[in-house]
Amino acid sequence: MKGIIMAGGEGARLRPLTCDRPKPLVPVANKPVMEYAIELLRLYGIKEIGVTLQYLPDAIVDYFGDGSSWDVNLHYFVEDSPLGTAGSVKNAEEFLDETFVVISGDALTDFNLAQAVDFHHRRQAVATLVLTTVANPLEYGVVITGEQGKIVKFLEKPGWGEVFSDQVNTGIYVLEPEVLSLIPKGQKFDFSKDLFPELLRREEALYASVLEGYWCDIGNLEQYLESHWAVLEDRVKVAPSAV
């Protein structure tokens, strides 16, 4: 099992915190948010980790190096220009020769990834999206599922009249390497807008695994502040910095 951390985000909505550093290096409770993603993957036995980079890539490479300080092996894949979520992972295709987990380098979570991976294998899926329940699904992509978690429809940031579920896409995926063949090389391509709708159109084995736990998509300053309180109040099961 391998992991991919998407760490190319500029984080414009977190300025001025991201004026001179990439979003994955923004500190949460005294350590970069991406460090929590590395530790989560390692917790579930995933030590071979690819990192997709675009905005200020050297800053991330300089901080994490080869990953040995975290008992993992990091492999970096740099985009010359933004390729979108799926396009950035396509850029790491040479590294991805087995089932892999994709996670954002700028979100904070303590999900049990083993549950999602087990679900993925039991369903013999080519792609499994990790969903979670939120109070306000309007800010996220809503996923409608049918029998045994098979995905039947996507709603990207719907209005209240369209909302039939409070389960949203967390941006964490379990994927088989074969899906990479559907992603054009060197072109901007997204998981939610492009790849997953195409898998749905082809009637591929596209599933959703609903996990409980803490999850915060640190997309703005309000969510950034919330992530600090979550760590300090022990609402998220992570190891905070000792500094």
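For the range 149-177, a residue qualifies if it is at pLDDT below 75 and either under 13 Å from the mean Cα position of the chain (by Cα) or more than 30 Å from MET1 (Cβ to Cβ) (or both), and the qualifying residues are LEU155, LYS157, PRO158, GLY159, TRP160, GLY161, GLU162, VAL163, PHE164. For the range 40-112, which fully contained strands (runs of 3 or more DSSP E) count at least 3 residues that are over 22 Å from GLN124 (Cα atoms)? Where strands (runs of 3 or more DSSP E) fall fully within the range 40-112 and carry at least 3 residues being over 22 Å from GLN124 (Cα atoms), they are 48-53, 73-78, 107-109. Scanning the range 50-70 for any residue that is acidic (Asp, Glu) and touching a residue at least 24 places away in the same chain (Cβ under 8 Å) turns up nothing.
Of all residues in the range 177-194, those satisfying the criterion of being of a type outside the set (S, T, N, Q), in contact with a strand residue (DSSP E or B) (Cβ under 9 Å, 6 or more places away or on another chain) and within 16 Å of ILE103 (Cα to Cα) are PRO177, PHE191. Being modelled with pLDDT of 90 or more, among the charged types (D, E, K, R), in contact with a strand residue (DSSP E or B) (Cβ under 9 Å, 6 or more places away or on another chain) and within 25 Å of SER181 (Cα to Cα): is that true of GLU35 here? Against the criterion (modelled with pLDDT of 90 or more, among the charged types (D, E, K, R), in contact with a strand residue (DSSP E or B) (Cβ under 9 Å, 6 or more places away or on another chain) and within 25 Å of SER181 (Cα to Cα)), GLU35 does not qualify. Scanning the range 50-75 for residues that are at pLDDT 95 or above and crowded, with 20+ Cβ neighbours inside 10 Å turns up GLY50, VAL51, THR52, LEU53, ILE60, PHE64, LEU74.
The values are calculated or read from the model by the stated rules, or taken from the named source; none is laboratory data. Just so we're clear, the structure is a prediction, and the values are computed from it rather than from any experiment. Don't worry about glycine lacking a Cβ; one is built from the backbone with ideal geometry, like all the others, and counts go over all protein chains shown.
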